[in-house]
Amino acid sequence: MPANGSDNREQSGDSKLSPDLLNKLYEEAKAKEEESALLIKRIEAQISDSEQMRDSLSLQYDEMRTWADIYDGIDMEAKNMILSRIMKNIRVRRDYEIEIDLTLGCEQLGIQMTSIM
């Protein structure tokens, strides 16, 4: 608190600042507060969306991990049969560039593309 008592003058209306200037400063501060509140809401919504995406990806990871564990536990003949059902075509190009055409779509594999993008 200032030693010269200017805080008391401002409260009693004896401030050296004009009422127009004080109103302008008040309105600017109020606008900044509203802008900050909107920004906070947007950030909170982004956090919520990120948490939902994380949860969705976590569930998909758990499901894929389960399928991977099952696949690891079966014999080579069963693995070949599964792969022949999933893969339509495999092309190996120069420099070992590999292209694989799948017979299954993302929906059939249980992958939600909207949650990934």
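Any residue in the stretch 1-20 that is modelled with pLDDT of 90 or more and not basic (Lys, Arg)?
Among the residues of the stretch 1-20, not one is modelled with pLDDT of 90 or more and not basic (Lys, Arg), which makes the answer no.
Within the stretch 76-91, restricting attention to residues that are more than 17 Å from Gly105 (Cβ to Cβ) and exposed (fewer than 10 other Cβ atoms within 10 Å of the Cβ), which residue is nearest to the chain's Cα centre (by Cα)?
Among those that are more than 17 Å from Gly105 (Cβ to Cβ) and exposed (fewer than 10 other Cβ atoms within 10 Å of the Cβ), it is Arg91.
Of these, Tyr96, Tyr61, which one is surrounded by 10 or more Cβ atoms within 10 Å (Cβ to Cβ) and among the hydroxyl-bearing types (Ser, Thr, Tyr)?
After applying the criteria, what remains is Tyr61.
The values are calculated or read from the model by the stated rules, or taken from the named source; none is laboratory data. Everything numeric here is computed off the predicted structure, so don't read it as measured data. Virtual Cβ from ideal backbone geometry, glycine too; neighbours counted across all protein chains shown.
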